Amino acid sequence: MWCQRLAWLLRGRRGSTGCLWPRQCRDPRPVLAAPVRCHSTAPASPCCAWQLHQDHLELRYGSTVMHLDFVWLRDHCRSASCYNAKTNQRSLDTASVDLDIRPQAVRVDETTLFLTWPDGHVTRYGLEWLARNSYEGQKQQVMHPRILWNAEIYRQAQIPSIDCRSFLETDEGLKEFLQNFLLYGIAFVENVTPTKEDTKILAERISIIRETIYGRMWYFTSDFSRGDTAYTKLALDRHTDTTYFQEPCGIQVFHCLKHEGTGGRTLLVDGFHAAEQVLRQAPEHFELLAKVPLKHEYVENVGGCHNHMIGVGPVLNVYPWNNELYLIRYNNYDRAVFNTVPHDMVRRWYHAHRALTTELRRPDNELWVKLKPGKALFVDNWRVLHGREAFTGYRQLCGCYLTRDDVLNTARLLGLQA
């Protein structure tokens, strides 16, 4: 899958399966504290062995080699006195833990790590839990599984639109919609009554509507009522919205209510797919785009609308522990003066930006769709760029921005990884 290949490239090769220690279970490095201790698990269990160091426990479980700081091990204790299982909140006061703490005793069986602390408190951890939640385990995992696409890949996938009634009235319809949205960054709902009120009901099924300087629900026509090129009949190049917010809006909803004219097709481009191509061809460009912060700016003085918004962040945003891409901030219309790096880095950045722009503008990456009354489009504004071709006549859209946290919350409650 495309998402798996991107994750593989971003985090590097994973270790081979099986026990990583030699048969003698000895570490070639000098022992800093207690001697190496090995534990042979049952034949069907992953190979497990551990070693105490001066300030951490080294635990090898299957193919995962973990380095677990003693303070971390004490802080994450899930005993009743340290963690409230009913509220899923920590009860332990982290500031009360001795930063030089060391366990008095350590024991490991087939499934569990036991630590006894100087005050006699016993902490228990499932080995599978540690493998998932350790830093080393997280490096091997993808936070958000995705399928990266160009136009042909998306068409061949034949992703169905979800019927409005199924979306609104059944968990199955909602779950299918969210699964498509999480994997591809776009999803459609059919048979929506073409009104702003019905579009609002649709949006609120999965999230709280995010109120911005454009209001909550907005009508969108070519009357230049706002100081933005979008409020014209001109073509719009691919971009993400609200790059001038400190946190760009997460999801955008579009619903064409009426169009009496020609043109106006919507352009969609998977920004993560384009970024993957840059990573493959020129990793140094990807790294620079993920490192250099930029300013984006929105200055508006039209009618009664007076705004000056500034957002700061790199074009590509990645999780630092596994280099997984989670946000692309790309809008050449709203990019402010580039003054956040010294001169010797400026030209390098322009080369990197040009490489990404080239990929974003490849015709085979362009998915063109004609929005019609009754068909609502949800776009992941942190991933998928949108644009449009010029149009004639009267064209009216409505839509809104959704809070990303609430969309992901809805997905998780339905059992999806988000």
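Observations, loosely collected:
- Residue-averaged 222 nm ellipticity for the chain, from DSSP H runs of 4+ at -39500 (n - 2.57), nearest 500: -7500 deg cm²/dmol
- The chain: angle of helix 271-281 to the longest principal axis, Cα-based, in degrees nearest 10: 60 degrees
- Assuming charge only on the beta carbon of Lys and Arg (+1) and of Asp and Glu (-1), the dipole of the chain about its Cα centre is about 720 debye to the nearest 20.
- Per residue value of the accessible surface for the chain (all protein chains in place, 1.4 Å probe), Å²: 48 Å²
- Calculated FRET value between residue 104 and residue 281, using beta carbons and R₀ = 56 Å, to 0.05: 0.55
- C-alpha long axis of helix 2-11 to longest principal axis of the chain, angle in °: 50 degrees
- Sites residue 390 and residue 139 - FRET efficiency at Förster radius 41 Å, r taken between beta-carbons, to 0.05: 0.35
- Segment residue 364..residue 78, full-extension length gain: 97.9 nm, with 0.36 nm per residue of separation and the alpha-carbon distance subtracted.
- 18 Å Cα-Cα threshold exceeded, pairs from 233/370; 258/372; 86/175: 86/175
- Most positive-pole-ward Cα, 170, 273, 220, against dipole of the chain from beta carbon charges: 273
- Difference of contour (0.36 nm per residue) and Cα-Cα distance, residue 416 to residue 204: 74.4 nm
- Computed E for residue 211/residue 65 - FRET, C-beta separation, R0 35 angstrom, nearest 0.05: 0.15
- Here the dipole of region 49-139 is about 320 debye; that uses its Cα centre as origin and unit charges on the Cβ of Lys and Arg (positive) and Asp and Glu (negative).
- For the chain, the longest principal axis of the alpha carbon atoms and the long axis of helix 404-413 meet at an angle near 60°.
- GNM flexibility winner over the chain from 381, 323, 332 (Cα, springs under 10 Å): 332
- Computed with a 1.4 Å probe on the full set of protein chains, the accessible area for residue 211 sits at about 130 Å².
- The chain - percent relative contact order, Cα under 8 Å, separation 6 or more: 20 percent
- Spacing of the two label points (7 Å from each Cα toward its C-beta) at residue 221 and residue 302, in nm: 1.4 nm
- Under-5 Å amide H pairs with residue 112, H placed in peptide plane, nonlocal only: 127
- Apolar share of the accessible surface for region 151-414: 50 percent from carbon plus sulfur atoms, 1.4 Å probe.
The values are calculated or read from the model by the stated rules, or taken from the named source; none is laboratory data. Small disclaimer: the values here were computed from a predicted structure and weren't measured. Note: ideal-geometry Cβ built from the backbone for every residue, glycine included; neighbour counts use all protein chains shown. The accessibility values were calculated without ligands, DNA or RNA, using every heavy atom of the protein model including side chains. Shrake-Rupley method; radii C 1.70, N 1.55, O 1.52, S 1.80 Å.
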